[in-house]
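S.K.: Below is the structure I would like to discuss, written out as structure tokens.
The values are calculated or read from the model by the stated rules, or taken from the named source; none is laboratory data. Keep in mind that this is a model prediction, so the values were computed, not measured. Cβ sites come from the backbone with ideal geometry, for glycine too, and all protein chains shown count toward neighbours.
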Amino acid sequence: MSFIDIAAIADDEWPRLAALLDETESARAQRFAFESDRRAFVAAHALLRARLSRHATNISPAEWRFGATPHGKPFLRAPVTSLDVSLSHTRGMAAAAIASGRQIGVDVESALTPRNALNVAERYFAPQEAALLRAESDPFAQSELFFAIWTLKEAVLKADGRGLARGLDSLVVNLSPLAISSGSGETYGVAQWRRGGFFIAAAACGDGADFRLEEARAAALIDAGGMI
């Protein structure tokens, strides 16, 4: 699990990060209307590529090729490996996760982004989760609770591969101790971190997941691009 603080990336580093992307990713980046969104996309994809090349040191970041499932989950098309991948980005931060032999998901959200937390929870969360938000009268605490639950749900749905098509209310988040329950009996390992104004959550299908979070620097990602 890695994340990168987009505010810490220097202006002269952006072209070199963008050079790690393939033509399809570069075209997608150009379609963003706002520079902040474009940079978040570039950072996430550069981060994932550089971290993959740390797993396979004979492959440069620019060589990886990706596909996507009908529900949007990315997968490695070439070279063929047993690695599963996930990435997430929001204005100000990007994150990427890689796992071997199991499905992985990651989500990052800015806690500073305005949301009508209670309305969203009552519409999309499980009833017991919405009840937790209704019981919290302090707006800041309610927002914190909302993002803690939301990011964990998103991470699990990304790991599962069905995304939002499965439904946010199909999972119930328990924050203490941290756990996910599913009516289908599926099990997930989960972890969550708070970095600055952002929530980061990771999930893996099955038991026994060992999550470690590290901060990446743009210079290291750029260096990885020139290693071959």
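S.K.: Of everything in the stretch 62-91, what is of a type in the set (Val, Ile, Thr) and in contact (Cβ under 8 Å) with a residue 40 or more places away in the chain? Give them in sequence order.
M.R.: Within the stretch 62-91, Thr69, Thr90 meet the criteria.
Yes/no per residue for (1) surrounded by 18 or more Cβ atoms within 10 Å (Cβ to Cβ); (2) among the aliphatic types (A, V, I, L, M):
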residue	(1), (2)
Pro79	no, no
Ala94	yes, yes
Asp107	yes, no
Ser110	no, no
Ala159	yes, yes
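S.K.: Okay, next question. Does the stretch 92-99 contain any residue that is touching a residue at least 24 places away in the same chain (Cβ under 8 Å) and farther than 20 Å from Phe41 by Cβ?
M.R.: Scanning the stretch 92-99 turns up at least one residue that is touching a residue at least 24 places away in the same chain (Cβ under 8 Å) and farther than 20 Å from Phe41 by Cβ.
S.K.: Tell me whether the stretch 212-223 contains one or more residues that are touching a strand residue (DSSP E or B) at 6+ places or on another chain (Cβ under 6 Å), of a type in the set (A, V, I, L, M, F, W, C) and closer than 25 Å to Gly92 by Cα.
M.R.: Yes: one or more hits.
S.K.: Would you check which residues across the stretch 25-55 are out of contact with any helix residue (DSSP H, G or I) (no Cβ under 9 Å at 6 or more places or on another chain) and either within 12 Å of Leu221 (Cα to Cα) or modelled with pLDDT under 95 (or both) and list them?
M.R.: Answer for the stretch 25-55, where residues must be out of contact with any helix residue (DSSP H, G or I) (no Cβ under 9 Å at 6 or more places or on another chain) and either within 12 Å of Leu221 (Cα to Cα) or modelled with pLDDT under 95 (or both): Ala44, His55.
S.K.: Just one of (1) without any contact (Cβ under 8 Å) to a residue 60 or more places away in the chain; (2) outside any helix (DSSP H, G or I); (3) farther than 27 Å from Thr113 by Cα trips up Val172, so point out which.
M.R.: Condition (3) is where Val172 drops out.
S.K.: Further question: Any idea which of Ser100, Ser86 is of a type in the set (Ser, Thr, Tyr) and in contact with a Ser or Thr (Cβ under 9 Å, 6 or more places away or on another chain)?
M.R.: Ser100
S.K.: Exactly one condition in (1) farther than 28 Å from Leu17 by Cβ; (2) surrounded by 19 or more Cβ atoms within 10 Å (Cβ to Cβ) is not met by Asp169; state its number.
M.R.: (2)
S.K.: May I pose another question? Please go through the stretch 199-228 and give me each residue that is closer than 17 Å to Lys158 by Cβ and either in contact with an Asp or Glu (Cβ under 7 Å, 6 or more places away or on another chain) or in a loop (DSSP other than H, G, I, E, B) (or both), ordered by number.
M.R.: Selection gives Phe199, Ala201, Cys205, Gly206, Ala209, Phe211, Leu213.
Conditions tested, residue by residue: (1) surrounded by fewer than 12 Cβ atoms within 10 Å (Cβ to Cβ); (2) under 17 Å from Leu145 (Cβ atoms); (3) in contact with a Pro (Cβ under 8 Å, 6 or more places away or on another chain).
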site	(1), (2), (3)
Glu186	no, no, no
Gln192	no, yes, no
Ala201	no, yes, no
Cys205	no, no, no
Ala209	no, no, no
Leu213	no, no, no
Ala216	no, no, no
Leu221	no, no, yes
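S.K.: Follow-up question, since we're still on this one. Quick one: count up the residues across the stretch 76-131 that are more than 18 Å from Phe147 (Cβ to Cβ), within 10 Å of the chain's Cα centre (by Cα) and among the β-branched types (Val, Ile, Thr).
M.R.: Looking only at that region, the number is 2.
S.K.: Is it the case, given these coordinates, that Ile98 is surrounded by fewer than 21 Cβ atoms within 10 Å (Cβ to Cβ), among the aliphatic types (A, V, I, L, M) and within 16 Å of Glu214 (Cα to Cα)?
M.R.: Here the answer is yes, as Ile98 does meet what is asked.
S.K.: Something else: For the stretch 1-21, how many residues are within 20 Å of the chain's Cα centre (by Cα) and not β-branched (Val, Ile, Thr)?
M.R.: Of the residues in the stretch 1-21, 10 are within 20 Å of the chain's Cα centre (by Cα) and not β-branched (Val, Ile, Thr).
S.K.: Of all residues in the stretch 1-60, how many are of a type in the set (Val, Ile, Thr) and either loosely packed, with under 14 Cβ neighbours inside 10 Å or free of Cβ contacts under 8 Å to residues at least 12 places away in the same chain (or both)?
M.R.: 2
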